[in-house]
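The values are calculated or read from the model by the stated rules, or taken from the named source; none is laboratory data. Please read all numbers here as calculations on a predicted model, not as lab measurements. So basically every Cβ, Gly included, is an ideal-geometry build from the backbone, and we count neighbours across all protein chains shown.
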Amino acid sequence: MKAMLFVACLAAVCLAAPPDADKGKILGTPSAPIRLDVYSDFECPACKNFHEQMLPLIVRDYVMPGKVAVVNHEFPLNIPEHKYSREAAAYATAAARLDIYQPVADVLFRQQSTWMFTGRVWETVATVLTPEQQKHVQALVKDPSVLAEVSRDVDAGNREPVRATPTIILSYGSQHFPIPWPVNYNFLRSLLNGYLK
Amino acid sequence: MAISNKIVRRLAIVLRVALGVVFAYAAYVKLFQFTDGRLHLLPWQLFAMAIDSYQLLPQTAVEILARTLPWFELALGILLIAGRWLRFASAATSLLLAVFLSLMVRAYIKGQEISCGCFGPGEIISWKTLLRDGSLLAASLLVTAGAFWRGRVRRESMDRDTLPTTP
């Protein structure tokens with residue numbers, strides 16, 4: 001009976017903990033007082049805008065000092081215009097397992113206007129990987145657990161619910177709410193400073 | 001005639017209370033969040049970002065509006081439910097809804113994929129939100145018309161009662 005209880009508790013702890021691969025998608029200290037969960041799609045222009053304009057400011061002002069942790073989640077939209085979103089999400093997730101999520105995400109957003117029309121997702125990703133990393137990522141992207149992880153992110157987003165990309169969910173203590181898009185950095189800063197004071 | 005009058009009056013009350021509940025709820029979701037068995041006051045900056053996404057007002061005006069508008073909505077909701085200061089409450093509600101709807105239509109026509117800001121964050125403007133707010137405005141205009149009509153009828157009957165009688 002005790003053993004069963006122990007197994008049940010262990011299972012509960014394991015289920016509650018974020019999956020291992022997610023660690024590669026976290027920017028900053030996971031124990032930071034504020035957590036921002038970002039649900040994005042690599043083919044979405046607003047997500048590119050957030051990634052390139054706003055995220056560097058958040059990283060500089062809050063992630064580096066250990067005040068905020070940013071957790072990236074894949075949310076490839078299931079629309080005909082976003083043909084390669086899921087493939088891009090799979091490569092990024094595979095790269096996260098090797099702790100090289102950021103450079104892959106950076107290049108996917110930077111070259112978004114090219115690969116979203118040509119479909120040359122791998123060629124884009126490969127430009128920021130060493131030959132050794134390329135081999136690993138190509139092997140990992142075929143791993144069913146990587147695709148399952150992308151699906152888990154989508155399921156988690158649907159539970160929030162994520163209605164558009166990017167969606168940023170702020171968690172502080174027991175409080176948990178989405179931040180309206182587009183984000184005004186001055187108001188976001190005022191909001192975060194209010195919690196951190 | 002008396003029966004249909006009664007039905008209209010009851011319908012007006014239902015409409016007014018429903019509108020009041022919607023306004024009170026809209027204010028509640030902007031102001032509070034219920035977690036861990038207690039009510040937390042939500043930061044005003046969340047609503048400020050929703051207002052700011054319409055790109056119409058300077059930052060200072062956005063801040064003032066974000067800090068005050070939800071409380072004003074709450075007051076209007078309570079007044080509508082209670083049936084107090086009805087002409088003021090219903091007229092203010094109609095005016096607010098007309099402004100909200102026109103701003104939403106403008107954003108929709110411009111193709112802005114922004115948060116509506118109606119019932120808390122996370123609701124993008126779509127034809128559904130426009131239809132919902134349009135229906136609310138129609139209901140509010142009916143309540144306003146009813147409130148002013150009743151006020152006029154009451155005033156007229158008071159005037160009749162106090163009319164000086166010739167000796």
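The residues in region A:165-178 that are surrounded by 16 or more Cβ atoms within 10 Å (Cβ to Cβ) and touching a residue at least 24 places away in the same chain (Cβ under 8 Å) can be counted, and the count is 7. Is region A:12-21 home to any residue that is in contact with a Lys or Arg (Cβ under 6 Å, 6 or more places away or on another chain) and modelled with pLDDT of 95 or more? Looking through region A:12-21, none of the residues is in contact with a Lys or Arg (Cβ under 6 Å, 6 or more places away or on another chain) and modelled with pLDDT of 95 or more. Is it true that B:ARG84 is more than 23 Å from A:PRO178 (Cβ to Cβ) and part of a loop (DSSP other than H, G, I, E, B)? In short, yes. Close Cβ contacts (under 7 Å, 6 or more residues apart or on different chains) running from residues in region B:12-40 that are crowded, with 17+ Cβ neighbours inside 10 Å to residues that are acidic (Asp, Glu) comprise B:PHE23/B:GLU73; B:ALA26/B:GLU73; B:ALA27/B:GLU73. Assess whether B:LEU76 counts as being surrounded by fewer than 21 Cβ atoms within 10 Å (Cβ to Cβ), at pLDDT 95 or above and part of a helix (DSSP H, G or I). Taking the combined requirement at face value, the residue does not satisfy it.
Listed by first and then second residue, the pairs linking a residue in region A:33-51 that is under 10 Å from A:PHE75 (Cα atoms) to a residue that is small (Gly, Ala, Ser) and modelled with pLDDT under 95, with Cβ atoms under 6 Å apart and 6 or more places separating them unless they lie on different chains, are A:TYR39/A:GLY157. Looking across B:ALA61, B:ALA50, one residue alone is more than 10 Å from chain A (Cβ to nearest Cβ) and at negative phi. It is B:ALA61. Can you find a residue in region A:159-177 that is aromatic (Phe, Trp, Tyr) and over 30 Å from A:LEU57 (Cβ atoms)? No; the residues of region A:159-177 include none that is aromatic (Phe, Trp, Tyr) and over 30 Å from A:LEU57 (Cβ atoms).
Of all the listed residues (B:ALA75, B:ALA48, B:ALA107), the sole one being touching a Ser or Thr at 6+ places or on another chain (Cβ under 9 Å) and free of Cβ contacts under 8 Å to residues at least 40 places away in the same chain is B:ALA48.
Of the residues A:VAL141, A:VAL146, A:VAL162, A:VAL128, the single one that is within 30 Å of B:LEU39 (Cβ to Cβ) and either within 10 Å of chain B (Cβ to nearest Cβ) or touching a residue at least 24 places away in the same chain (Cβ under 8 Å) (or both) is A:VAL162.
Rundown of residues vs (1) farther than 20 Å from B:ALA27 by Cα; (2) β-branched (Val, Ile, Thr); (3) touching a residue at least 40 places away in the same chain (Cβ under 8 Å); (4) surrounded by fewer than 20 Cβ atoms within 10 Å (Cβ to Cβ), yes/no style:
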residue	(1), (2), (3), (4)
B:VAL99	no, yes, no, yes
B:SER102	no, no, no, yes
B:GLY111	yes, no, no, yes
B:ALA145	yes, no, no, yes
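Candidates are the residues of region A:24-56 that are in a loop (DSSP other than H, G, I, E, B) and within 14 Å of another protein chain (Cβ to nearest Cβ); the one that is nearest to A:VAL71 (Cα to Cα) is A:ASP41.
Is it the case, given these coordinates, that B:ARG106 is within 30 Å of B:GLN55 (Cβ to Cβ) and more than 18 Å from the chain's Cα centre (by Cα)? When the stated conditions are applied, B:ARG106 passes them.
Looking at region B:102-113, can you tell me whether even one residue there is of a type in the set (D, E, K, R), under 30 Å from A:GLY157 (Cα atoms) and within 14 Å of chain A (Cβ to nearest Cβ)? For region B:102-113, residues of a type in the set (D, E, K, R), under 30 Å from A:GLY157 (Cα atoms) and within 14 Å of chain A (Cβ to nearest Cβ): present.
Considering region A:54-96, and only residues there that are touching a Ser or Thr at 6+ places or on another chain (Cβ under 7 Å) and of a type in the set (A, V, I, L, M), the residue that is modelled with the highest pLDDT turns out to be A:ALA69. If you go through region A:141-159 one residue at a time, do you hit one that is of a type outside the set (Phe, Trp, Tyr), at pLDDT below 95 and more than 20 Å from A:GLY24 (Cα to Cα)? Checked region A:141-159: at least one residue is of a type outside the set (Phe, Trp, Tyr), at pLDDT below 95 and more than 20 Å from A:GLY24 (Cα to Cα). Might you let me know whether region A:76-89 holds any residue that is surrounded by fewer than 21 Cβ atoms within 10 Å (Cβ to Cβ), among the hydrophobic types (A, V, I, L, M, F, W, C), within 14 Å of chain B (Cβ to nearest Cβ) and under 15 Å from the mean Cα position of the chain (by Cα)? Within region A:76-89, one or more residues are surrounded by fewer than 21 Cβ atoms within 10 Å (Cβ to Cβ), among the hydrophobic types (A, V, I, L, M, F, W, C), within 14 Å of chain B (Cβ to nearest Cβ) and under 15 Å from the mean Cα position of the chain (by Cα). Using the structure shown, decide if B:ARG67 is assigned to a helix (DSSP H, G or I), farther than 21 Å from A:PRO182 by Cα and at pLDDT 95 or above. Answer is no for this residue.
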